[in-house]
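Single-structure report; data block below.
We did not get these values from a lab; they are worked out from the coordinates using the rules stated. Note that the structure is a prediction, hence the values are computed from the model and not measured. All Cβ positions, even for glycine, are placed from backbone atoms using ideal geometry, and neighbour counts span all protein chains on display.
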Amino acid sequence: MSSATPAEVLARRRQVILSGDFDGFADLFAPDGVIETPFAGPPGMPSRQEGRETIREVARQVKALSLRFEDFEIAEFYQTLDPEVVIVEVRAKGTVTTTGRPFAATSIQIFRIRDGHIVLFRDFADPRVLKDVLGEPRHGS
């Protein structure tokens, strides 16, 4: 995948997410890749994951949350002046398989992609969405 463009890497990411291939998701990262979720990721998950194998382990834990993604689209794609850095607006829809409860989320994501692998992934998502669908309803708006 060394010649893959950022857009191609993100298209592959969409495929592995929709197919539930969490090992394939981890394989998209460089060996020293990092995921950061500054506004909090899934409950109980670290806000910073360092290294492909750590990302793989956390991805498997996310799989245990019983979230099935049915749609995962990049609504906007921005190439920055740095050819390794892209910013995307992602819209995801899915179902909590244990309850049948649907969810929808939008997030802004920043990527540094080098030699066909994700080096850095920052996900700026509303953490209340997962709390809502996993049984911790938000109060107010």
Residue separation times 0.36 nm, minus the C-alpha to C-alpha distance between Val129 and Arg91: what's the value? 12.4 nm
Return one number: the angle in degrees, 0 to 90 and rounded to the nearest 10, between the long axis of the Cα atoms of helix 6-19 and the longest principal axis of the Cα atoms of the chain. 30
Residue-wise, which Karplus ³J(HN,Hα) couplings in Hz belong to the range 105-118, taking 6.51 cos²θ - 1.76 cosθ + 1.60, θ = phi - 60°, and x for glycine or proline? 8, 10, 9, 9, 10, 10, 10, 10, 10, 10, 6, x, 10, 6
Given contacts defined as C-alpha pairs under 8 Å and at least six residues apart, what's the relative contact order of the range 6-133, whole-number percent? 26
Between the helical axis of 52-63 and the dominant principal axis of the chain, each derived from Cα atoms, what acute angle in degrees is found, rounded to the nearest 10? 30
Diffing the range 83-98: the Karplus 3J(HN,Hα) column from phi (6.51, -1.76, 1.60, θ = phi - 60°), in whole Hz with x for Gly and Pro, holds x, 8, 10, 10, 10, 10, 9, 10, 10, 10, 9, x, 9, 7, 5, 7
Using a Förster radius of 22 Å, what is the FRET efficiency between Glu53 and Ala75 based on their Cβ-Cβ separation? Nearest 0.05, please. 0.10
Quick P(r) readout (the chain; Cα-Cα; 10 Å bins; whole %) gives 12, 44, 35, 9, 1
